[in-house]
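Chemist: I have a structure here, written as structure tokens, and I will follow up with some questions on it.
The values are calculated or read from the model by the stated rules, or taken from the named source; none is laboratory data. Values in this document were obtained by computation on a predicted structure and should not be read as measured data. Backbone-built Cβ (ideal geometry, glycine too); neighbour counts: all protein chains shown. Only protein heavy atoms, including side chains, enter the accessible area calculation; ligands, DNA and RNA are left aside. Shrake-Rupley method; radii C 1.70, N 1.55, O 1.52, S 1.80 Å.
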Amino acid sequence: MTIRGSKKLWTGCAVGLVWFLILLWPMLGIKPEGFEFAATFQVFGYVAVAAVFVLFFYQVKEAGYLDAAGKPIQSAAGLIQRAYAKTPTWVLLGATLAVAIVFPLVTGRYAHDVAISVLIYICLGLGLNVVVGLAGLLDLGYIAFYGVGAYTYALLSLNFGFSFWLCLPIAGLLAAIAGCIIGYPTLRMRGDYLAIVTLGFGEIVRLILNNWMALTNGPNGILGIPRPELFGFDFRSLASLYYVILAIAVVTVLSVYRLNYSRIGRAWEAIREDETAAELMGVNTFLLKLLAYAMGATFAGFAGAFFAARMRFVGPESFSFLESAMVLSMVVLGGMGSIPGVILGVLALVALPEVFREFELYRMLVFGGVMTLMMLVRPAGIWPAKRVGRRSEEME
Amino acid sequence: MVDNQPILELRNVVSAYGRIKALKGISLKVYPGEIVTIIGANGAGKSTTLMTICNIVKAIEGDVFYKGERINGVGSDILPTLGLCQVPEGRRIFPRLTVMENLDMGAFFRTDSAGVKEDVERVFELFPKLRERRRQLGGTLSGGEQQMLAMARALMSRPTVLLLDEPSMGLAPLLVQQIFDIVRMINGQGVTVVLVEQNANLALQCASRGYVLETGSVVMEDAADKLLANPDIRKAYLGE
Ligand SMILES: Nc1ncnc2c1ncn2[C@@H]1O[C@H](COP(=O)(O)OP(=O)(O)O)[C@@H](O)[C@H]1O
Ligand SMILES: [Mg+2]
């Protein structure tokens, strides 16, 4: 690297650090008791040292001093990639499923809890992926359907004694209907307007849950929701519940996979790419967009019903905008339109905050930093959708 | 010349964007098997005419007839199934779908997979470049290739009438010539073509009849060779 290049790099780093300090201080230093600097400089110190270290490492690497160490790593990565490409898909899928099935047998309660979370978000992420990734409709109120599913099971089981397995399809259906109700008036909108209106709808659903005391018990939520039961077997342990959501997630993955490679999936993609052109090619954009909302909502409805059964409690604060944003982040981070991508995005965003629990206060800060870095390094997501010519091959 | 019933006819069609009228009562006729061109300056309403035929822009007055039936209220997505297909201005292919998938989208409503396969071969013969690139994403094609893909995609619907909106836009002269040759070839295979163009010279050489549009009205209609010879037209649209 030239002297000039290196100078530019370090100047950039210095400017970045100054900006960081300016942003950091108001967050950490302004307290009700007055201004404080110690905490700010402590955190800033860590970050500055880390930045200098990373930059130094980068320069050494650029200068080629690490080639001796880098070569084996690179060839190993290549080897893994080639091995991955060579292994048949069913072996990979089988192995993944086997790991998922064995997982609760070899881990403890905490791991079960996190794994259940991951699987719920996989259902949500894949459902939202149908709407955002395939049909290209930016939906910021997606979590509302999750809420509809959760309250459906809560109310039907408590008031009418319906079983979980009966409520599951009902929750999906009601969520789909909610999807159509929300989808219908927004069908003529595009882009930014759509985002704002869906955001509004999401909030409306939350407000209804929060304020309709007679039905939803308002902000206190609904307590004592029964657990699932099957032929006298009570899904009491977390491990058994894990298998329930694993089954729902597998069904979701399979359905989304089928949709992805179907005629409908392609029509959704065409709508995402250019709605008018799709219409000119004979795609009924009205019906298909409505279908995208309904399908996406259905998966959220399933996940919601399970969520209510697992927590044995539902309250409106579980369905806030932050949750919608979270699911959307998972889809975008993982790679829109790609099933493995969404799954990796979920893993990253559920697991990372757990890993960063040590950082306590700065957890969200670190989280934001990692997200930003990810989008800079891999703007198309961790595992971008790459199915170039997939369907065409099948046609030939 | 052609003395049977028009396959496509507009009668006093008015359409508007909001309060601004873009078409102020357009009437035109297209007979089976011919190439009709619509020429006019930028903003004359050529694209709006095609979009109104396809019901993307709604006609607020007047009638559009296709094969003798009024199609004003017929959904845009139904028209390709009736054999009326448009290649919109600016190509508008699906950039993140492969060439092959773009072609499949052209045949979206068709259920005869054997016929679709046959037609894929047919358009590949017409556009050999697309065969080479069939696994590539549409958005990675060059401008000329994208225009070919847009036309090929429309042909996949086996159109009776093909509406082409400025196929030569933004292309190098050699490619423009090639595109017009292909338009002639498509017409030779029995497809009626409505060709909207700003390149009046080439369009009129290609077409049998022409309409001249000015600020939403038809100001002249005639045989293409007569329009080509018309001194007013030569002055206004052929840059003489
Ligand atoms: N989407 C639109 N919204 C509002 N006005 C439009 C729109 N599209 C075209 N127009 C107006 O309609 C008139 C005709 O446009 P157009 O049909 O695109 O012309 P041409 O294709 O002949 O260049 C122009 O005055 C243009 O400004
Ligand atoms: Mg135009």
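Chemist: Out of all the residues in region A:229-240, is one or more within 14 Å of chain B (Cβ to nearest Cβ) and in a helix (DSSP H, G or I)? Reasoning before the result, please.
Modeler: Quick first cut of region A:229-240, residues within 14 Å of chain B (Cβ to nearest Cβ) only: none.
Looking through region A:229-240, none of the residues is within 14 Å of chain B (Cβ to nearest Cβ) and in a helix (DSSP H, G or I).
Chemist: Next question, about the same structure. Checking the condition open to solvent by 70 Å² or more (accessible area, probe 1.4 Å), more than 16 Å from ligand 2 (Cβ to nearest atom) and not in a loop (DSSP other than H, G, I, E, B), which residue from B:9, B:61 passes?
Modeler: Numbers: B:9 fails: open to solvent by 70 Å² or more (accessible area, probe 1.4 Å).
Within the list B:9, B:61, the selection yields B:61.
Chemist: Is there a residue in region B:192-215 that is on the phi > 0 side of the Ramachandran plot, surrounded by fewer than 23 Cβ atoms within 10 Å (Cβ to Cβ) and of a type in the set (Ser, Thr, Tyr)? If you could, list the steps in order and put the result at the bottom.
Modeler: Residues of region B:192-215 on the phi > 0 side of the Ramachandran plot: B:215.
From what's left, surrounded by fewer than 23 Cβ atoms within 10 Å (Cβ to Cβ): B:215.
Within this subset, residues satisfying the condition of being of a type in the set (Ser, Thr, Tyr) are B:215.
Yes, region B:192-215 has at least one match.
Chemist: Answer yes if at least one residue in region B:152-160 is out of contact with any helix residue (DSSP H, G or I) (no Cβ under 7 Å at 6 or more places or on another chain), of a type in the set (S, T, N, Q) and modelled with pLDDT of 95 or more, and no otherwise.
Modeler: Scanning region B:152-160, I find at least one residue that is out of contact with any helix residue (DSSP H, G or I) (no Cβ under 7 Å at 6 or more places or on another chain), of a type in the set (S, T, N, Q) and modelled with pLDDT of 95 or more, so the answer is yes.
Chemist: Looking at region B:71-104 only, could you name the residues that are within 16 Å of ligand 2 (Cβ to nearest atom) and open to solvent by 10 Å² or more (accessible area, probe 1.4 Å)? Can you show your working first?
Modeler: Start the filter on region B:71-104 by keeping residues that are within 16 Å of ligand 2 (Cβ to nearest atom), which leaves B:86-92.
Hits for region B:71-104 are B:89, B:90, B:91, B:92.
Chemist: Sticking with this one: Do you know which residues across region B:75-103 are more than 7 Å from chain A (Cβ to nearest Cβ) and part of a helix (DSSP H, G or I)?
Modeler: Correct list: B:79, B:82, B:99, B:102, B:103.
Residue by residue, here is whether (1) closer than 15 Å to residue A:365 by Cα; (2) of a type in the set (Lys, Arg); (3) under 32 Å from the mean Cα position of the chain (by Cα); (4) not assigned by TED's automatic domain parsing to the domain that holds residue A:373 holds:
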site: A:13; (1), (2), (3), (4): no, no, yes, yes
site: A:18; (1), (2), (3), (4): no, no, no, yes
site: A:40; (1), (2), (3), (4): yes, no, yes, yes
site: A:43; (1), (2), (3), (4): yes, no, yes, yes
site: A:47; (1), (2), (3), (4): yes, no, yes, yes
site: A:61; (1), (2), (3), (4): no, yes, no, yes
site: A:64; (1), (2), (3), (4): no, no, no, yes
site: A:71; (1), (2), (3), (4): no, yes, no, yes
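Chemist: Let me ask something additional. Filter region A:276-298 for residues that are more than 10 Å from chain B (Cβ to nearest Cβ) and either under 15 Å from residue B:108 (Cα atoms) or among the hydrophobic types (A, V, I, L, M, F, W, C) (or both) and give the result. Don't jump to the end; show me each part of the working.
Modeler: At the first step, the residues of region A:276-298 found to be more than 10 Å from chain B (Cβ to nearest Cβ) are A:289-298.
Those that are more than 10 Å from chain B (Cβ to nearest Cβ) and either under 15 Å from residue B:108 (Cα atoms) or among the hydrophobic types (A, V, I, L, M, F, W, C) (or both): A:290, A:291, A:292, A:294, A:295, A:297.
Chemist: Conditions first: (1) within 14 Å of chain A (Cβ to nearest Cβ); (2) more than 14 Å from ligand 1 (Cβ to nearest atom); (3) among the small types (Gly, Ala, Ser). Residue B:47 passes all but one, so which condition is the exception?
Modeler: All conditions are met except number (2).
Chemist: Could I ask something else about it? Of all residues in region A:283-318, which are open to solvent by 10 Å² or more (accessible area, probe 1.4 Å) and in contact with a Pro (Cβ under 8 Å, 6 or more places away or on another chain)?
Modeler: Listed by number, the residues that qualify are A:312, A:317.
Chemist: Let me ask something else. Residues in region B:161-168: is at least one open to solvent by 10 Å² or more (accessible area, probe 1.4 Å) and more than 16 Å from ligand 2 (Cβ to nearest atom)? Walk me through how you get there before you give the answer.
Modeler: Of region B:161-168, the ones open to solvent by 10 Å² or more (accessible area, probe 1.4 Å) are B:166, B:168.
Retained after the next criterion (residues that are more than 16 Å from ligand 2 (Cβ to nearest atom)): none.
No, region B:161-168 contains no residue that is open to solvent by 10 Å² or more (accessible area, probe 1.4 Å) and more than 16 Å from ligand 2 (Cβ to nearest atom).
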